[in-house]
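Everything below concerns the one structure shown next.
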Ligand SMILES: NC(=O)C1=CN([C@@H]2O[C@H](COP(=O)(O)OP(=O)(O)OC[C@H]3O[C@@H](n4cnc5c(N)ncnc54)[C@H](OP(=O)(O)O)[C@@H]3O)[C@@H](O)[C@H]2O)C=CC1
Ligand SMILES: CCCCCCCCCCCCCCCC(=O)[C@@H](N)CO
């Protein structure tokens, strides 16, 4: 009897894996595609531009400082794979005036064709204890990190819908999945991106446009170096749990996820766990992801239930079994994805 049940479970899981490709979107071909990267002159954004360029894309770099833009353009151009590829630079503040953003995106589309992928990576951070952060920083961070992603997205969406294709990436942060000491101004601006992304994905999926939210951990960039100058010790210690990544590594992962149309893009094993724990009602874009989220939700619900109502022995058995199941499914899912 047990054997029959086990066989059924195995067959069911195999079936899920087999139909998995049928529910996934067709991967975007980066070769020849036009990719716009805001914040493309530094750090993670620059590495995302390079990652796309080395796969044959045409790139528009968007940022404010023209000198940094030109410097980044030269760096990106080293990775050309054919002599038709172009890197265009646009200097604009993505957070101040929508009409200005719309007009530069229009210029970019006239030169390099309709945008196939928009990467919203322009952003900045401020850390410090709630009462010590200058009050106007709260507004500034919402403007740059949130509105600075709304505006470029708004400027490309109509054409993407007409063409019935496209990818939009929002670069959030692990601090956009959980609130942390020292990030009372920064975290909310990154949480906001998820609300935007979930709502937008529901609207534009029928148009074959896929949204990706990236949640990187601390990443070794000029932005992080700047942030570290004034970061509270507590914030440093908490962030250290999930380590520091190289921007090239982050870029590789998030670009792959956007190309595949995955809604969630996490970096490293800690990032993977954090995404599972905070998956909420985000769209699920792969079967492995669904299975592994279920296991985690199960584990945590059991834990909560047992904390509130059960006696000690049942906590141990239920929680132990759920944890074991969750761990094995997670490890399996993680391995099959990498
Ligand atoms: N580094 C990290 O530890 C992590 C970073 N992130 C997020 O990743 C993104 C990139 O971070 P990182 O690479 O460290 O940052 P950097 O500071 O190294 O680069 C930021 C980029 O954004 C541009 N930018 C900033 N403000 C504006 C604006 N108002 N309009 C247009 N462009 C702007 C900058 O150019 P210019 O100043 O010339 O405009 C620059 O190109 C950010 O959104 C950040 O929150 C997420 C998790 C971890
Ligand atoms: C079971 C699950 C274990 C997971 C442990 C995770 C611990 C939380 C670490 C959060 C790190 C936040 C980094 C923010 C980076 C950032 O956005 C800024 N550096 C931007 O400049």
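Worth a mention:
- Between the helical axis of 148-163 and the longest alpha-carbon principal axis of the chain there is an angle of about 90 degrees.
- Inter-probe distance in nm under a simple model that places probes 7 Å from Cα toward Cβ, at residue 132 and residue 20: 4.6 nm
- Each peptide among 35-46, 221-232 gets the average number of other Cβ atoms lying within 10 Å of its residues, and from highest to lowest they stand as 35-46, 221-232.
- Between the Cα long axis of helix 247-260 and the first principal axis of the chain there is an angle of about 80°, rounded to the nearest 10.
- Gyration tensor (alpha-carbon) shape descriptor, region 1-160, a/c threshold 1.5: oblate
- In the chain, the DSSP-assigned H stretches of four residues or longer account for a calculated mean residue ellipticity at 222 nm of -18500 deg cm²/dmol, using -39500 (n - 2.57) per stretch and the full residue count as denominator.
- Top of 291, 16, 147 by mean-square fluctuation, Gaussian network on the chain, Cα under 10 Å: 16
- For the chain, built as a Gaussian network whose Cα springs stay under 10 Å, the top-fluctuating residue of 85, 260, 107: 107
- Annotation for region 163-238 versus region 103-120: alpha-carbon center distance of 22 Å.
- Across 197, 63, 327, mean-square fluctuation computed from a Gaussian network of the chain (C-alpha pairs under 10 Å connected) peaks at 327.
- Prolate/oblate/rounded label for the chain (Cα gyration tensor, a/c 1.5): oblate
- Between residue 139 and residue 107, residue separation times 0.36 nm minus the direct Cα-Cα distance comes to 8.6 nm.
- In degrees, nearest ten, helix 66-77 long axis to first principal axis of the chain (Cα): 70 degrees
Just so you know, all these numbers are worked out from the coordinates, no wet-lab data involved. This one's a predicted model, so the numbers in the text were calculated from it and none came from an experiment. Every residue, glycine among them, receives a Cβ derived from its backbone with ideal geometry; neighbour counts consider all protein chains shown.
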